[in-house]
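First comes the structure, then the notes that go with it.
Throughout, read-outs are computed from the coordinates displayed, never taken from laboratory work. On a predicted model such as this, the values are computed, not experimentally measured, just so you know. Counting neighbours? That spans all protein chains shown, and the Cβs are built from the backbone with ideal geometry, glycine included.
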Amino acid sequence: KKQSQLKEVAGIPLQTATVDNWSQIQNFEAKPDDLLICTYPKAGTTWIQEIVDMIEQDADVEKCQRAVIQHRHPFIEWARPPQPSARNAKDCMVSYYYFQRMNQVLPDPGTWEEYFEAFIDGKVGWGSWFDHVKGWWEKKDRYQVLFLFYEDIKKDPKHEIQKVAQFMGKNLDETVLDKIVQETSFEKMKENPMTNRSTVPKSILDQSISPFMRKGTVGDWKNHFTVAQNEKFDEIYRKKMEGITINFCLEL
Ligand code: A3P
């Protein structure tokens, strides 16, 4: 078993590296033209990062491959304007469970049953999915926020990518747009060493346990949730998300 532990800051369990940089995070000030990507872990962070970079670089693949994705989009909690990306909680939970197994600097997730409870209670790194989604949803009209859904990008990548480009003030022509759709597909990003985290040492991400680019689908939760877990989850979801009118897509 792994020895890694999370530490709580303001009631939110965080990775120790994040805790160490806490003052830097709190003092972060965005510049007017900064674009912040604000995702819950495993909601498709890497995917939207690559899409944004491809839009910025007008689909120039070579420019996008200048560095690995985590250097092109440094994490605010580790390095130094908002675009929350949401994925349905059930698929997020499954993805996070596998990620926590392969990520050697996060605690062991325990059994699936244990993880299910921990996720619902927000006792996982970076806190509660419910708080993240609710928080951004309630603030989305007050700030310049583009709220995106993993499932929508999956369903109609061209349409969603165009939306991101518009938000960024970019007008893309058809060929550029098509190229971005192609290059940011799951298959391409799984093969691409600049996006698939294959350059991260095994002592941090052990891809033999579970690949970083694992499945990239909507509905994998059905292979993990028992009927009882699903009922319990739906009940808790109703309570926690009361007053939030998001209809998460759970299968395509
Ligand atoms: P799965 O574990 O369900 O496969 P993050 O980048 O926030 O850590 O999210 C990782 C999840 O996004 C993983 O989900 C990964 O496979 C998926 N993902 C990454 N790139 C993707 C793409 N181009 N298309 C669809 N899913 C993608």
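Values for this structure:
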{"item": "Residues Val61, Val164, Val145 arranged by fewest to most Cβ contacts within 10 Å", "result": "Val61, Val145, Val164"}
{"item": "Sites Leu252 and Thr226 - FRET efficiency at Förster radius 22 Å, r taken between beta-carbons, to 0.05", "result": "0.50"}
{"item": "Modelled FRET efficiency - R0 22 Å, Ile76 with Asp152, Cβ distances, 0.05 increments", "result": "0.35"}
{"item": "Kirkwood hydrodynamic radius (C-alpha pairs) into Stokes-Einstein, the stretch 106-188, 37 °C and 0.692 mPa s, D in µm²/s", "result": "209 µm²/s"}
{"item": "Space enclosed by the convex hull of the alpha-carbon atoms of the stretch 1-94, per residue, Å³", "result": "146 Å³"}
{"item": "Net length gained if the chain between Gln65 and Leu36 were fully extended (0.36 nm per residue, minus Cα distance)", "result": "8.4 nm"}
{"item": "Using alpha carbons only: equivalent-ellipsoid semi-axes of the stretch 122-240, gyration tensor based, whole Å", "result": "28, 24, 15"}
{"item": "The stretch 53-130 - Debye-derived log10 I(q)/I(0), Cα point model, q = 0.14 Å⁻¹", "result": "-0.66"}
{"item": "Loop-located trypsin sites (Lys or Arg not before Pro) in the stretch 107-191 whose Cβ has at most 12 other Cβ within 10 Å (DSSP)", "result": "Arg142"}
{"item": "Segment Gln207-Glu114, extension gain: residue separation times 0.36 nm, minus the distance between their alpha carbons", "result": "31.2 nm"}
{"item": "Greater than 25 Å apart at Cα, pairs in Lys42/Lys154; Lys1/Lys123; Lys123/Lys158; Lys155/Lys179; Lys31/Lys90", "result": "Lys123/Lys158; Lys31/Lys90"}
{"item": "Neighbour-count order for Glu151, Glu56, Glu187, fewest beta carbons within 10 angstrom listed first", "result": "Glu187, Glu56, Glu151"}
{"item": "Largest to smallest principal axis extent of the C-alpha atoms in the stretch 86-136, angstrom", "result": "29, 21, 17"}
{"item": "Helical contribution to [θ] at 222 nm, DSSP H n ≥ 4, -39,500 (n - 2.57), averaged over the chain, rounded to 500", "result": "-12000 deg cm²/dmol"}
{"item": "Placed amide H near Val9: partners under 5 Å, 5+ positions off or other chain", "result": "Leu14"}
{"item": "Length gained when the stretch Val200-Ile244 is fully extended (0.36 nm per residue, less Cα-Cα span)", "result": "12.1 nm"}
{"item": "Hits among aspartates and glutamates - C-alpha to C-alpha of Lys222 under 20 Å, sequence gap 8 or more where chains match", "result": "Asp91, Glu113, Glu114, Glu117, Glu151, Asp152, Glu231, Asp234, Glu235, Glu251"}
{"item": "Cα-projected label distance for Ser23 with Glu56, points at 7 Å along beta-carbon direction, nm", "result": "2.8 nm"}
{"item": "Whole-number percent relative contact order across the stretch 126-189, with pairs defined as alpha carbons under 8 Å at least 6 apart", "result": "20 percent"}
{"item": "Amide hydrogen neighbours beyond the local backbone of Ala86, cut-off 5 Å, H modeled", "result": "Leu148, Phe149, Tyr150"}
{"item": "Likely footprinting exposure, Asp20, Asp234, fewest C-beta neighbours within 10 Å first", "result": "Asp234, Asp20"}
{"item": "Cα point-scatterer Debye curve for the chain, base-10 log of I(q)/I(0) at q = 0.08, 0.10, 0.12 Å⁻¹", "result": "-0.31, -0.49, -0.73"}
